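A quick write-up on the structure given underneath.
The values are calculated or read from the model by the stated rules, or taken from the named source; none is laboratory data. A quick note: this is a predicted structure, and the numbers were derived from the prediction, not measured. All Cβ positions, glycine included, derive from the backbone under ideal geometry; neighbour counts span all protein chains shown. Ligands, DNA and RNA are stripped out before the accessible areas are found, and what is left, the full protein with its side chains, is counted by its heavy atoms. Shrake-Rupley method; radii C 1.70, N 1.55, O 1.52, S 1.80 Å.
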Amino acid sequence: MSSDQKNGKQSTNDDLYASNDLSVSLPKSRIPETEHDPRHAYAAVRDELMLDGNSRQNLATFCQTWVEPEIEQLMTDCIGKNMVDKDEYPQTAEIEERCVHMLAHLWNSPAGDSTVGTSTVGSSEAAMLGGLAMKRRWEAKRKAAGKSTDKPNLITGPVQICWHKFTRYWDIEHREIPMEAGRQLMTPEEVLSRCDENTIGVVPTMGVTFTCQYEPVKAVAEALDQLQADKGLDIPIHVDGASGGFIAPFCAPQLEWDFTIPRVKSINTSGHKFGLSPLGVGWVVWREMEDLPEDLVFWVNYLGGNMRDIALNFSRPGGQVVCQYYNFLRLGMDGYKKVHSACYDTAEYLASELKKFDLFEMIYDGDRSVGIPALCWKLKEGTDPGFTLYGLAERLNARGWQVPAYSLPANQESVVIQRILVRHGVSRDLASLLIKDIQAAIEHFQLHPEPKHIAEEHNSGFHH
Ligand SMILES: *Cc1c(COP(=O)(O)O)cnc(C)c1O
């Protein structure tokens, strides 16, 4: 209790912002000594959140930023449920199981009803589990053949940071295929040139972080088949389907990338990206039961029976998993296809509008057989529009839009691109407003070109 309160100066009728609590600045580095009125504490916290970016205008994120009111309700209904307490919340555990089998069928597992998988906090945890399973299977084969297991390596294209974490945390050599001029993805040839007896697996990505395109899973699998026929090396594939796992089955059903390819042993995806669930859920599913090494499994008690616990974390929220199941029921195959198709249409609209400025060269324009609902571009070579893409990003930010500019990874660091993710809720109308703001920004730079030293700082990798 503050001294003023002790003096009886505080009343429940006090105006919120004229109250004793909110007429001072609240502590920032130490827990306060005394309690605060919940209305006051809430107002202070809520107001501080205004300083964050507006998530709906964040066109950098792959993650879900709009949900139906029923999802908000289910999240509230589930606030006390812990995913790990399968015995206490058996129905939530059952719902998780159903989601695993629905995904297994969606991805054409030959054993969709019986195969194994788990929900996770996101694709990163799911990728760790898929990667660990590959490492264990490789170790078991090597030990059985009396060979060493001290030099495992993993082959990927230009990947999301979670695979850097996986290889670093578990002491695995990361053979990451760098980009080259005109090539942003892995190719079968680049994969084969890195394979040896210590390769635990190959990870193609369905929706590469940098350019949003699909890597050629089928062609890589065929090359690995040939490698096995020629040299006896049997190297499995794990597909990082963080985005694409929830998109390709609906919008590019002709693509072969999933368990229809026997060499694909596991797949991860993010429920909170194009799975349309709230932040905090990912999935990993193995092709068949035998593809998950038994020593990664912990058995937990469940209604007198036994259930697998595979996730790395112990306690986890259950609401996101329940909402995933809600989405499956709510949308069905048709609904997912409609939602994602609307996003592709908007991505194509944005790409065609951007082309009209005659300043940008599209790297990926939202073609649904090539990648996820997104687009990315660079400045046309040989043009000097008076701005860099970093400058354009900053200018758009003044209107609340977050349209990131960044340089590509090795070996294309000198190429700066800008990217938009078109998610559920990035409507055609919002997209048209963004185009108007881009036009206004371009006109601004025509009158006031970005000063040369700022453009140079930007392009040398310095950004705010
Ligand atoms: C987002 C992403 C990840 C990481 O997923 P989280 O759900 O954020 O942990 C991994 N790989 C790819 C290709 C991604 O797009």
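Let a ≥ b ≥ c be the square roots of the eigenvalues of the Cα gyration tensor of the range 70-328; is it rounded (a/c under 1.5), or, if not, prolate (a/b larger than b/c) or oblate?
Values: a/c = 1.94, a/b = 1.46, b/c = 1.33.
Prolate, because a/c is 1.5 or more and a/b exceeds b/c.
For the chain, with every protein chain kept in place, what is the accessible area per residue (1.4 Å probe, Å²)? Intermediate results must be reported in sequence, preceding the final value.
On the way: 21990 Å² over 464 residues.
Here the residues of the chain average 47 Å² of exposed surface.
Compute the Cα gyration tensor for the chain, then decide on rounded, prolate or oblate, letting a ≥ b ≥ c be the square roots of its eigenvalues: rounded whenever a/c is under 1.5, prolate when a/b is larger than b/c in the other cases, and oblate in all that remain.
It comes out oblate by the Cα gyration axes.
If we count every other residue with Cβ under 11 angstrom of His424's Cβ, Lys/Arg +1 and Asp/Glu -1, where does the sum land?
It works out to a net charge of +3.
Just need the relative contact order of the range 226-307 here, percent rounded to a whole number, with Cα pairs under 8 Å and 6+ apart.
Details: 96 pairs, mean separation 19.2, N = 82.
Relative contact order here is 23 percent.
Based on the alpha-carbon gyration tensor of the range 3-52, what equivalent-ellipsoid semi-axes (square roots of 5 times the eigenvalues) come out, in whole Å, largest first?
Each semi-axis is the square root of five times an eigenvalue, giving 20, 14, 8 Å.
With θ taken as phi - 60° and the coefficients 6.51, -1.76 and 1.60, list the Karplus ³J(HN,Hα) couplings across the range 301-309 in order, rounded to whole Hz; mark glycine and proline as x.
6, 8, 6, x, x, 10, 9, 6, 10
Figure the gain on full extension for Leu16 and Asp345 (residue separation times 0.36 nm, minus the Cα-Cα span) and round it to one decimal in nm.
The span from Leu16 to Asp345 would gain 113.8 nm if fully extended.
So what is the relative contact order for the chain, in percent, with contacts set as C-alpha pairs under 8 Å and at least six apart?
Dividing the mean separation by the residue count of the chain yields 19 percent.
To the nearest 500 deg cm²/dmol, what mean residue ellipticity at 222 nm is calculated for the chain from DSSP H runs of n ≥ 4 alone, each contributing -39,500 (n - 2.57), summed and divided by the residues?
Numbers: 13 runs with 172 residues, N = 464.
Helix contribution divided over all residues of the chain: -12000 deg cm²/dmol.
List the relative contact order of the range 340-458 as a percent without decimals, with contacts defined as Cα pairs under 8 Å and 6+ residues apart.
Numbers: 165 pairs, mean separation 33.8, N = 119.
Once divided by the residue count of the range 340-458, the mean separation gives 28 percent.
Starting from the amide H of Val415, placed 1.01 Å from N in the peptide plane, find each other amide H under 5 Å away whose residue is 5 or more places distant or on another chain.
Amide H neighbours of Val415: Leu408.
For the chain, what proportion of DSSP beta bridges, expressed in % and rounded to the nearest 5, is antiparallel?
About 65 percent, rounded to the nearest 5.
As a test question: what accessible area, to the nearest 10 Å², does Trp170 have when a 1.4 Å probe is rolled over all protein chains in place?
80
Between the range 364-418 and the range 27-84, how many Å separate their Cα centres?
30
Over the chain, what percent of the accessible surface lies on carbon and sulfur atoms, probe 1.4 Å?
After summing per-atom areas, the C and S share lands at 52 percent.
What order do you get for 432-445, 319-332 when each peptide is scored by the mean count of other beta carbon atoms within 10 Å, highest first?
319-332, 432-445
Keeping all protein chains in the complex and leaving out DNA, RNA and ligands, what accessible area do you get for Tyr349 with a 1.4 Å probe, in Å² to the nearest 10?
Rounded to the nearest 10, the figure is 50 Å².
Starting from the eigenvalues of the Cα gyration tensor, five times each then square-rooted, give me the equivalent ellipsoid semi-axes of the range 344-464, largest first, whole Å.
They are 23, 17, 13 Å, listed largest first.
Suppose we keep just the DSSP beta bridges with both residues in the range 70-328; what percent of those would be antiparallel, to 5? Write out the running numbers ahead of the final one.
On the way: 17 of 31 bridges.
Percentage antiparallel, nearest 5: 55.
Quick check on the range 16-135: take the gyration tensor over C-alpha atoms, sort the square-rooted eigenvalues as a ≥ b ≥ c, and tell me if it's rounded (a/c under 1.5), prolate or oblate.
Because a/c hits 1.5 or more and a/b exceeds b/c, the range 16-135 counts as prolate.
Find how much the distance from Asp230 to Arg183 grows on full extension, using 0.36 nm per residue of separation minus their present alpha carbon separation; answer in nm with one decimal. Walk me through the intermediate numbers first.
Numbers: separation 47, 0.36 × 47 = 16.92 nm, distance 2.72 nm.
Here the answer is 14.2 nm.
For Gly122, list long-range residues whose amide hydrogen, built 1.01 Å from N in the peptide plane, is under 5 Å from its own amide hydrogen.
Gly282
Rank by packing, highest mean first: peptides 123-135, 254-266, with packing defined as the count of other Cβ atoms within 10 Å averaged across residues.
Those peptides, ordered most packed to least, come out 123-135, 254-266.
As a test, work out the antiparallel percent of DSSP beta bridges whose residues both lie in the range 203-332, rounded to the nearest 5.
The antiparallel fraction comes to roughly 70 percent.
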